[in-house]
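Notes follow the structure.
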Amino acid sequence: MINIEGLNKDFESRVRLGILSILTVNEWVTFNDMKQYLDLTDGNLASHTLALESKAYIEVKKTFVGKKPETSYRISEYGRIQFAKHIDVLAKLISLNN
């Protein structure tokens, strides 16, 4: 029996799952790159990244490239641990049918 209580409600959204999956395999990802990878609007990406940042799953870096502001994201150590736990429960659920 698998305890689905181990699934993290903060990661149930397909957008948040996508954000964390991308950040798991990349050091830093810019806002524009993330938006393109996931085919999201500015507002949709901003709201999900703000929610993930508020719970300390991701870190945000704001810089200037020339005169343009650039926002980048990376997964925090806490976020990496929590996301790995979530994926582990999903993997166990999937393996029940094999």
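Just so it is clear, none of the values below were taken in a lab; they were calculated from the coordinates. The structure presented is a predicted model; accordingly, all values stated were derived computationally and were not measured. Here the Cβ is made from the backbone with ideal geometry for all residues, glycine too, and neighbour counts use every protein chain on show.
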For the chain, build the charge dipole from Cβ charges (+1 Lys, Arg; -1 Asp, Glu) around the Cα centre, then report which of LEU7, LEU23, VAL89 sits farthest towards its positive end.
LEU23
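Compute, for the chain, the length of the dipole vector about the Cα centre, with Cβ point charges of +1 (Lys, Arg) and -1 (Asp, Glu) only. Units Debye, rounded to 20.
Numbers: 13 positive and 12 negative charges, 29 e Å.
In total the dipole reaches around 140 debye.
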Simple spin-label estimate for GLU12 and ALA46 in nanometres, 7 Å along Cα-Cβ
2.6 nm
Take ASN26, project a point 7 Å from its Cα along the Cβ direction, then tell me which residues of the range 60-78 have their backbone nitrogen under 13 Å from it.
71-75
Could you list log10 I(q)/I(0) for the chain at q = 0.18, 0.22 Å⁻¹, which the Debye formula gives when each Cα is one point scatterer?
-0.82, -1.12
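Pairs LYS35/LYS68; LYS62/LYS92; LYS62/LYS85: which are spaced more than 27 Å apart, C-alpha to C-alpha?
Details: LYS35/LYS68 17 Å; LYS62/LYS92 38 Å; LYS62/LYS85 29 Å.
As for pairs spanning more than 27 Å Cα to Cα, those are LYS62/LYS92; LYS62/LYS85.
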